[in-house]
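Below: the structure, in structure tokens.
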Amino acid sequence: MPTTRRESGPSTTGKRSRPDALKRIVDLYLTNSRTLIGTLREAVIRHDAPGVVLAAHSLKSSSANVGNLESAWAQLELLVEKHERVVLALYAQTAAA
């Protein structure tokens, strides 16, 4: 019985192809990130540092699924946390004076 050589390529068994899965991931990320960026914007306007940290953390987590965006949101999260500590220290010094 002759053997046939199967060529590598996209599966035709009805499973989702990689491009379809990637498109779905990117579409979900874009939808969720728009909402989270709106939340981040509102927290900044309200001077709500914990809200900014939470929104940045959420963006960082969802960005981990997409790639290098995670590090940008992580840096923002750390920057805001550091800023919040500085502001709290300044308030404490002002209150003690």
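The values are calculated or read from the model by the stated rules, or taken from the named source; none is laboratory data. These numbers were taken from a predicted model, which means no experiment stands behind them. In this analysis, Cβ positions are derived from the backbone assuming ideal geometry, glycine residues included, and neighbour counts consider all displayed protein chains.
From R46, R5, which residue is modelled with pLDDT of 80 or more and surrounded by fewer than 11 Cβ atoms within 10 Å (Cβ to Cβ)? Explain how you work it out, then say what you get.
Details: R5 fails: modelled with pLDDT of 80 or more.
The unique qualifying residue is R46.
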Output yes when any residue across the stretch 62-73 is in a helix (DSSP H, G or I), out of contact with any Phe, Trp or Tyr (no Cβ under 6 Å at 6 or more places or on another chain), modelled with pLDDT under 80 and surrounded by 18 or more Cβ atoms within 10 Å (Cβ to Cβ), and no when none is. yes
So T39 fits all but one of (1) surrounded by 11 or more Cβ atoms within 10 Å (Cβ to Cβ); (2) among the hydroxyl-bearing types (S, T, Y); (3) at pLDDT below 80; what number is the exception? (3)
